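What follows is a single structure, written as structure tokens, with notes after it.
The values are calculated or read from the model by the stated rules, or taken from the named source; none is laboratory data. Remember, predicted model here, so these are calculated numbers, not experimental data. Here the Cβ positions follow ideal geometry from the backbone for every residue, glycine too, while neighbour counts run over all protein chains shown. In case anyone asks, the SASA skips ligands and DNA or RNA and just uses the protein heavy atoms, side chains included. Shrake-Rupley method; radii C 1.70, N 1.55, O 1.52, S 1.80 Å.
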Amino acid sequence: MSESTTTIELDFLIIGAGPAGIQLGYFMKKAGCSHLILEAADRPGTFLEKYPRHGKLLSINKIHTGYTDRAAQLRYDWNSLLCDEDDMAMKDYSKDYFPSTEEYAKYTRDFAERFDLSIQYNTKVLSVKKADDGEQGYVIQDHHGTIYRVRCLIVAVGVQKPYVPAIPGIELAENYMDMSLDPEDFAGQKVLILGKGNSAFETANHLIAATRVTHLCSPNPIKMAWQTHFFGHLRAVNNDFLDTYILKGQNSVLDADVECIEKVGDEYHVQIRFTHAEDQRAILAYDRVLCCTGFQWDPSFFDADCQPDMACEDRLPAMTSGWESTNLPGVFYAGTITQIRDLKKTMSSVLHGFRFNTASLFNIVTERVLGTPWPRDCFEATPHNIAEKITEQVSSAAGLMHQPGFLGDCLVVNDETGQAEYFANLAVDYIQDSDFAKNSHYYIVTMEYGEFDGDLFNKDRAPDAAKGYDDAYLHPRIRRMCRGRMLAEHHISESLENDWRIGKHPGDLPLIRALDFKDQADPTQYQQTHRQELVKYLETQLAVGSPGIDEVPFGVSCSDDSMGNPTGDACGCSAAAFPTTNTPDGQSCPISRDA
């Protein structure tokens, strides 16, 4: 190292100025942390200037929600970053329900400028290595030769490398990242699109009027977002193509493995094996093959002796419940790469989910590095106080709604002092992996969908506020925990407006004027009925108090349901009550073949 080399020491270094990087940078700047964001481009959000390729976001921009408080508005505003300025919202950049990529890229640029974020542009990271001489932290070098010695590294560079399936002849296919966007280039042609995710259907819809025939192909059937509740599965806004398939418009959706692609004259001969037809094989001839199989993370800037563990067939980094590398302590991840933690289950792959992950990550890293206590609300632990706080959160907190069952709130009761501490916006499995789970009396509050089979649009429902556990739609779930084990739970039955507060509602006038529940004398008091059921549950649990250490030892699972859990779920330790959503190394990755 030359004497002229510049060395900068920081507590936190963030690589990448996409939405996650600038979101974390906002929290760091507000807290006065020693930090810097490095960005290879000359502006933030450049990935969003190009993707999705056809210029339209899939995240909604609902302007007229009826709510005036910003927290509740964010439930239906999926694009705005979290900040204290209510006017720094996507609705001021676009009135479209699905904004354009260009509009969102401008929003990210203005956000970074508005809050004067600490971003160093035109700076490419060349290497990341562990600190010398056994010191904690990392040494990062950029292409200018500057050295950064940091206590904590947060990687927020996204998945910018295309995922290319290992198919013989795949090099003959054109990739989603750089294929033509002009339908006339495909006029009269037979086109095969590899993949059945949103990028594949987005492309197919764009070509419908031009091609002679369009086929979409991957081994597994289509999964609709409205059925799985995962917003990365096929969205209705992209499914026009399905009409042309089902109603015989010359287009098809094939469930098949592509075994090889060969160039024969001016055509591409594609050999496929159908997955739902007893391995029937076929050779189909196309004029073009388009690869729309998704993206993967590129860890090449880590040094050879500092390579992070990978997961999902090496497409994403492996990480703990605190978004930390499983083998590099002090390296954390933010943004769409955090989807490995809830793969194809909730919304960490997209902004409206990972912005709340990022808020939680900020609390984790500042507690770890700076000793900053977790933010909390403290109050007297009475059933009515707790019920009021829980009801307010499940009726307004967007993180609970957008990350169902993945993010939750934690309420800790001190039975000796009679006080409660309420911690908002934590990953549920992080709660169970951390010191929170050492408490003998705590609650985990989430919003979750019910489990059911059959037609999503034809589900019978019991109008009984005491049977919320049978509801299929998104609703609050409150679990009573003791040293990592669930003792009891309560479901608040679903609400048409996702709001359970008494006397409150979106807009100047309420939509719901009466709702008749079983054994309810006055249907106009339906909100009180929800509250009464919650208070009844809390009264029972507070009366029980904290079991002795010998009664419920930490980390020991049980196989019975002694507390009479109404859903029939078994009691258990964190692994039983809250199964991890990580994809272990070596396990087949569900996004690898039909992204």
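List of remarks:
- Contact annotation: no residue pair with Cβ atoms under 8 Å, 6 or more positions apart or on different chains, pairs a residue in segment 298-318 that is within 24 Å of GLN141 (Cβ to Cβ) and open to solvent by less than 10 Å² (accessible area, probe 1.4 Å) with a partner that is of a type in the set (Lys, Arg) and part of a helix (DSSP H, G or I).
- Yes/no for TYR245 being under 21 Å from ARG315 (Cα atoms) and aromatic (Phe, Trp, Tyr): no
- Candidates TYR121, TYR97: the one that is within 30 Å of PHE302 (Cβ to Cβ) and aromatic (Phe, Trp, Tyr) is TYR121.
- Residues in segment 458-478 that are open to solvent by 10 Å² or more (accessible area, probe 1.4 Å), touching a helix residue (DSSP H, G or I) at 6+ places or on another chain (Cβ under 9 Å) and not aliphatic (A, V, I, L, M): ARG461, ASP464, ARG477.
- Among the candidates LEU24, LEU58, the residue that is in a loop (DSSP other than H, G, I, E, B) and under 22 Å from the mean Cα position of the chain (by Cα) is uniquely LEU58.
- For ILE591: the one exception among (1) touching a Gly at 6+ places or on another chain (Cβ under 7 Å); (2) modelled with pLDDT of 90 or more: (2)
- Answer residue from segment 325-353, given it is of a type outside the set (Ser, Thr, Tyr), over 27 Å from ASN61 (Cβ atoms) and assigned to a loop (DSSP other than H, G, I, E, B) and is most open to solvent (accessible area, probe 1.4 Å) among those: PRO329
- Whichever residue in segment 133-157 is part of a loop (DSSP other than H, G, I, E, B) and touching a strand residue (DSSP E or B) at 6+ places or on another chain (Cβ under 8 Å) and, among such residues, is most open to solvent (accessible area, probe 1.4 Å): GLN136
- When ASP84, ASP96 are checked against the criterion of being over 19 Å from ARG355 (Cβ atoms) and open to solvent by 60 Å² or more (accessible area, probe 1.4 Å), ASP96 stands alone in meeting it.
- Note on segment 120-130: among residues that are β-branched (Val, Ile, Thr) and part of a strand (DSSP E or B), the one that is least open to solvent (accessible area, probe 1.4 Å) is VAL128.
- Candidate set: segment 388-427, residues that are assigned to a loop (DSSP other than H, G, I, E, B) and farther than 23 Å from ARG75 by Cα; chosen: the one least open to solvent (accessible area, probe 1.4 Å): GLY418
- Listed by position, the helices (runs of 4 or more DSSP H) enclosed by segment 195-259 that each have at least 1 residues that are polar (S, T, N, Q), farther than 20 Å from LEU284 by Cα and out of contact with any strand residue (DSSP E or B) (no Cβ under 8 Å at 6 or more places or on another chain) are 198-207, 225-228.
- Test: ARG273 is at pLDDT 95 or above, among the charged types (D, E, K, R) and open to solvent by 50 Å² or more (accessible area, probe 1.4 Å): yes
- Residue match in segment 100-119 (condition: surrounded by 19 or more Cβ atoms within 10 Å (Cβ to Cβ), in contact with a Lys or Arg (Cβ under 7 Å, 6 or more places away or on another chain) and not hydroxyl-bearing (Ser, Thr, Tyr)): yes
- Residue match in segment 544-566 (condition: among the charged types (D, E, K, R), open to solvent by 60 Å² or more (accessible area, probe 1.4 Å) and modelled with pLDDT of 50 or more): yes
- Unique match (being touching a His at 6+ places or on another chain (Cβ under 9 Å), surrounded by fewer than 21 Cβ atoms within 10 Å (Cβ to Cβ) and modelled with pLDDT under 95) among ALA225, ALA236, ALA285: ALA225
- Some residue of segment 35-45 being within 20 Å of the chain's Cα centre (by Cα) and either more than 14 Å from LEU117 (Cβ to Cβ) or open to solvent by less than 30 Å² (accessible area, probe 1.4 Å) (or both): yes
- Just so you know, in segment 354-387 the residues that are open to solvent by 70 Å² or more (accessible area, probe 1.4 Å) and in a loop (DSSP other than H, G, I, E, B) include one that is nearest to CYS410 (Cα to Cα), and it is ARG376.
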